[in-house]
Structure formats: C-alpha cells, structure tokens
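Accompanying notes for the structure given below.
The values are calculated or read from the model by the stated rules, or taken from the named source; none is laboratory data. Keep in mind the model is a prediction, meaning the values are calculated, not measured. All Cβ positions, even for glycine, are placed from backbone atoms using ideal geometry, and neighbour counts span all protein chains on display.
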Amino acid sequence: MKWKPWKSAGIWTCVMLTVMTAPGAAMAAQAEGNSAMPDVSSAKKMVQKPFMIKVVDAETGRGIPLVELKTTNNMLYYTDSAGVVAFNEPGLMDQTVFFHMSSDGYEVPTDMFGYRGQAVEVTPGGSVTLNMDRVNIAERLYRVTGQGIYRDSVLLGQKPPVKEPLLNGLVMGQDSVQTIKYRNRLYWFWGDTDRPAYPLGNFRVTGATSKLPEKGGLDPDTGIDLDYFTKEDGFVKSLVPQLPDGAGIAWVFGLMTAKDGSGQERLLAGYSTHNPELSAFGILAFNDEKKEFEQVVQFPSKDDWRHPGGQAAYYEEDGKGYWLFTEHRMPNLRVAASYDAITDYTQYESFTCLTPGTTYNGAQTSLERGADGKLVWGWKKNTPPLTQVQEKELIDAGLIQADEPTYFQLKDADTGEEVQIASSSVEWNDYRQRYVMIGQQTQGKSSVLGEIWYAEAPAPQGPWTTAKKIVTHNNYTFYNVAQHKFFNKEGGRIIYFEGTYTNTFTNHVPTPRYNYNQVMYKLDLANPKLGLTPVQGTSGS
C-alpha cells in the first residue's frame, strides 16, 4: 500500500487532540467519580506480603527443591533450595487456588479425576506445607550453583544457610563439577559458565574454594559456601590462559595431587581444548599465587586413550598409590600417583583382557589367555581399555565364554536388564567395605541421560555386576555425576553426590534458574530400598 500524506495528517490530528484533551477528561471523570480511574486500594493489594508454600519430603520433613507448582491457568512456580515458593499473584490472593504438583522422583496421589495436586487457601502473609512422597531412593538436597538458589526464601524474609543466596560470582549456570581436597580446603572447578550480562560467559574453566565441614565449612546437608575466583567486575575469572594450540575452549577433569621434584604438593588436572572440536589433551598444574592453571605437558595425540578424564579417585594396591579415572565411562584407567608418572602418557594403564599391544577389532579381537587357556584380565600399558559395549560384543561373539569373568556388565538388580553407563564416579566406602559407583545411565527408560544408579565391587575395576536405580528424571538430563567422599557421614553410611541438571539432549523446556546448574543429593546406604546385603570386611584404602 502506498503512503498517503493526507490520511497520515488526519491520523496525527486525531492523536494530538486526544493527548491534549486527555488530562481534562480525566479530571472531569474524577470529579464525577468515574469508576474507570485506578483504585488506590487495589494497587495497595498488589503490594502485600507473599504467601509461603512449602513442599516437604513426607518421609524426612525436609523441603524439596525443584518442585513445579502449576495453577489452573498454567502459571508455573518452582520451589527454591529450601522447598518454598513465595506466591504473590495479583488477583489470586485471598482465593482458593489449586496447584498441580510435580517433581522428578517425587509424587502425590491422584484425586478422583486423576489430578495430582492440592487446593490451597491463599492469604497474604500466610503459609501452607504440602507433602510429597519420594520415589527416588536418594534425596534431593539443594542447588549448588546459579542465580536465585534461595530466591523465594529471601522474598519471604527467611535467613538462607549460605552467604550468597541470590547471586555468587555473577554465575547463572555452570557445567560439570570436579572437586578435590587440597591444602585443607575443597577446590571446585567447572566447565562452561553463564553470566547475567550476555548469553556467552566463560569457556576456560571456572573455580572456587570452600571450607571442609570439619574446618568450619557448612554441613553438607545444609549447603556449600563457594568462594569463587573472580575478576574486578565480579564475574568469575578464566583459570586456563591461552595454550599453545590456540583453542578457544578449555576443560579440566581428573583432578589429582602429587609432589613435584622439590617435594611440594601440587594440584594437577587433565585438560582438553576445543575449537570447538577436540584439539588437544595434556596435564595442567595449579599456580597457587596466580590462582590459575599452567600447562605442564601436552600429550602427543588428541586421539590417544592415555589421558586422565572423567572423575578421579585415589586408591592403593600392593602398597602403591594410584589415581583411577572414569574417562572411558567405567573405572578402567589408572596411573601411579607420582608427578613424573602423571605427566608421562606412556605410564597410563588400562584394565583389559586384550593381548598386550593390541586394540579392539570386533570379531578379530585378540584376547590374552594364559597357558591354561584362561582369560587374563589385568592392568596393562600400551593397551587400550575395553568399553562396556565392546566387552558385551566380545561376549555375544563368543570370544568371551559365558563362564568366564567379565567386569563391566551391569544389570538392574530388580529386572536383570542391562544398564549401560555414560559416566561414573567411584570411591572406596568404609561402611560397605566395597568400592561404590554412582553411575549415570545412557538410554534409560525415563530419560536418555537422566537416570542415576548405585553399584558396588570388591576392587575399583570391578567386577561391576548389579546396580540399583536411585534417581530418575522424566525427559531431563543429569550428567557427569560426582561423588564427594569428603562429605561422607557415619563412617560412609551417608554419601553425597551431584550432577549437572540440564535439558541438553532433550526437547524439554528449561527449568527456570535450575537449568544448567549443579544439584546435590544424599544417599543412605542403610536404606532397605537399596536391597544391599551385609558385607564382611575386606581390605581397602
């Protein structure tokens, strides 16, 4: 349509007349008591004390984070880490409001029409406590990272347990935690980190420290006070300066400690760089003065299997210390716990039954057998590990006989179905006198990467045979789980673990504030739902 000046001029005349006469009309209307004018009392009603909705675990009475409350017109609210929502919706105060209730791993009974929820009398300044039954064996505790961890608690005037309940280090979201005890503190490192000011944040490692519980830190049931390494603007600093390969993204994993040539304890980490494809692997050392990592060595090939990754755990065998890694999903990679060995890629060993010096080759794979014909499993250099899937393929091909030992064929303790692991964290547990795995399943029934399992073995490499599901998610991801042995209570009966809660690899709408952040769980190993049998003491480190 062509622009017509005369019509535009007419429109502008009408607009100007309306603007010029509006104040007078408004005064006239006010003089006549026109009800169209804003009611001051109604405006005051909008600014009133919120109503507190607290959702608790029916078994423990503890507030449940990450519960979705939905009104009948589809407004969504999510409980903070105290399990509360500060509800202050204009038009719905002093009303009966029905809230649909849902949370992964928790449930409420259905009513006669199949709805799960409860009607609540909402009053300004009032409160209600709602119960949910826990389906998960593990109990969700709180969100560790991100903005608004205790947002609703603050709005309600409550005192949160952590020093920075709303925004710490300007962190909005953080990916994949690595934690280690070093110099009487806990050191925490994450991958990509989001910030408030722009969609792109820090992609070269973020870090923080916290006090150990026995050194004045918070009870792990309560929370973690993270002291971030930050820049002058308050946002977290990049802890990996530009490396020789020039890649833009850097991640760390497999945290270790070892004494260098001068006898000084050093914090070491495996690293990878990406551009955005994988560029290089190697070892970094933390500079305690600069508060950042420095390169020690870059390994020769980015495609080699000999590099620390996943979660790391220290253990001893025959009086010698080793660092164990879950880089290949299962705990089948290790290196002697010395500075020289860690920085020398040829010293890494895999736990495998392959003939030394060979690699997996399907039906033509060469397996090591002794003079008696028995399969030889062991820690071997210059020989890559077998993955869980490869081991299964060798069984199916008949190269490993049904009566021969296998190490990574986890099965559901209830159904006998196979459980394939995408990532895991393994630690020795004094209470169980076993090595304990917290493993993330791939291709689970409820989610592709959101199901978490518990398993035990007599040695760090296994055999891992049966597993019990302890956390479930409905079409949501919970990846790169990390077990925190330094939080263990009651001799290891109570253990703690966390993972990255994210909608990555799903089509689910991101959960506000929680998405792409770390969520902490605890697990009572005496819980009869685990179905664990009493264990006679065995030696362990």
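This table checks each residue for (1) of a type in the set (V, I, T); (2) in contact with a strand residue (DSSP E or B) (Cβ under 6 Å, 6 or more places away or on another chain); (3) free of Cβ contacts under 8 Å to residues at least 24 places away in the same chain.
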position	(1), (2), (3)
Q461	no, yes, no
K469	no, yes, no
T472	yes, no, no
R493	no, no, no
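Inside the stretch 377-408, residues that are in a loop (DSSP other than H, G, I, E, B) and not small (G, A, S) make up a count of 16.
Among the residues of the stretch 185-192, at least one is under 18 Å from the mean Cα position of the chain (by Cα), within 30 Å of A336 (Cα to Cα) and of a type in the set (G, A, S).
If you filter the stretch 333-346 down to residues that are surrounded by 20 or more Cβ atoms within 10 Å (Cβ to Cβ) and either free of Cβ contacts under 8 Å to residues at least 40 places away in the same chain or of a type in the set (D, E, K, R) (or both), you find that the one that is farthest from Q390 (Cα to Cα) is V335.
Given the conditions (1) surrounded by fewer than 18 Cβ atoms within 10 Å (Cβ to Cβ); (2) under 27 Å from the mean Cα position of the chain (by Cα), and given that Q388 satisfies all but one, which numbered condition is not satisfied? Condition not satisfied by Q388: (1). Among the criteria (1) surrounded by 22 or more Cβ atoms within 10 Å (Cβ to Cβ); (2) over 26 Å from the mean Cα position of the chain (by Cα), the one K259 does not fulfil is (1). When we screen T511, T477, T502 for residues that are polar (S, T, N, Q) and either surrounded by fewer than 21 Cβ atoms within 10 Å (Cβ to Cβ) or over 16 Å from R143 (Cα atoms) (or both), the only hit is T511.
Between L212, L166, L200, the distinction of being of a type in the set (A, V, I, L, M), closer than 19 Å to G248 by Cβ and surrounded by fewer than 21 Cβ atoms within 10 Å (Cβ to Cβ) belongs to L200 only. Filtering the stretch 132-143 for residues that are under 18 Å from P512 (Cα atoms), crowded, with 21+ Cβ neighbours inside 10 Å and not basic (K, R) leaves a non-empty set. For the stretch 498-509, the condition holds for no residue, the condition being that it is touching a strand residue (DSSP E or B) at 6+ places or on another chain (Cβ under 6 Å), farther than 26 Å from F253 by Cα and part of a strand (DSSP E or B).
Against the numbered list (1) of a type outside the set (A, V, I, L, M, F, W, C); (2) over 22 Å from the mean Cα position of the chain (by Cα); (3) in a loop (DSSP other than H, G, I, E, B); (4) closer than 30 Å to Y78 by Cβ, K529 comes up short only at (3).
Consider only pairs whose beta carbons are under 9 Å apart and that are at least six residues apart or on different chains; among these, list those whose first residue lies in the stretch 63-86 and is not assigned by TED's automatic domain parsing to the domain that holds F51 and whose second residue is buried (at least 19 other Cβ atoms within 10 Å of the Cβ) and modelled with pLDDT under 95. The qualifying pairs do not exist here.
Residues in the stretch 347-362: is at least one of a type in the set (A, V, I, L, M, F, W, C) and either in a helix (DSSP H, G or I) or surrounded by fewer than 19 Cβ atoms within 10 Å (Cβ to Cβ) (or both)? Within the stretch 347-362, none of the residues are of a type in the set (A, V, I, L, M, F, W, C) and either in a helix (DSSP H, G or I) or surrounded by fewer than 19 Cβ atoms within 10 Å (Cβ to Cβ) (or both). Among residues of the stretch 500-514 that are within 15 Å of S103 (Cβ to Cβ), those with a Cβ under 6 angstrom from a residue that is surrounded by fewer than 18 Cβ atoms within 10 Å (Cβ to Cβ), sequence gap 6+ or separate chain, pair up as H508/N475. Scan the stretch 461-470 and give yes if some residue there is within 30 Å of E316 (Cα to Cα) and of a type in the set (D, E, K, R), otherwise no. Looking for residues that are within 30 Å of E316 (Cα to Cα) and of a type in the set (D, E, K, R), one finds at least one in the stretch 461-470, hence yes.
Residues in the stretch 209-218 that are free of Cβ contacts under 8 Å to residues at least 60 places away in the same chain and of a type outside the set (G, A, S): T209, K211, E214, K215, L218.
So in the stretch 267-280, with the set limited to residues that are surrounded by fewer than 24 Cβ atoms within 10 Å (Cβ to Cβ) and hydrophobic (A, V, I, L, M, F, W, C), which one is farthest from W323 (Cα to Cα)? Here the residue is L278.
Note on the stretch 103-115: residues that are part of a strand (DSSP E or B) and among the acidic types (D, E) total 1.
Going residue by residue through the stretch 75-86, is there one that turns out to be hydrophobic (A, V, I, L, M, F, W, C), at pLDDT below 95, surrounded by 10 or more Cβ atoms within 10 Å (Cβ to Cβ) and not in a helix (DSSP H, G or I)? The answer is no, given that none of the residues of the stretch 75-86 is hydrophobic (A, V, I, L, M, F, W, C), at pLDDT below 95, surrounded by 10 or more Cβ atoms within 10 Å (Cβ to Cβ) and not in a helix (DSSP H, G or I). Quick check, is D221 without any contact (Cβ under 8 Å) to a residue 60 or more places away in the chain and surrounded by fewer than 18 Cβ atoms within 10 Å (Cβ to Cβ)? No, not satisfied.
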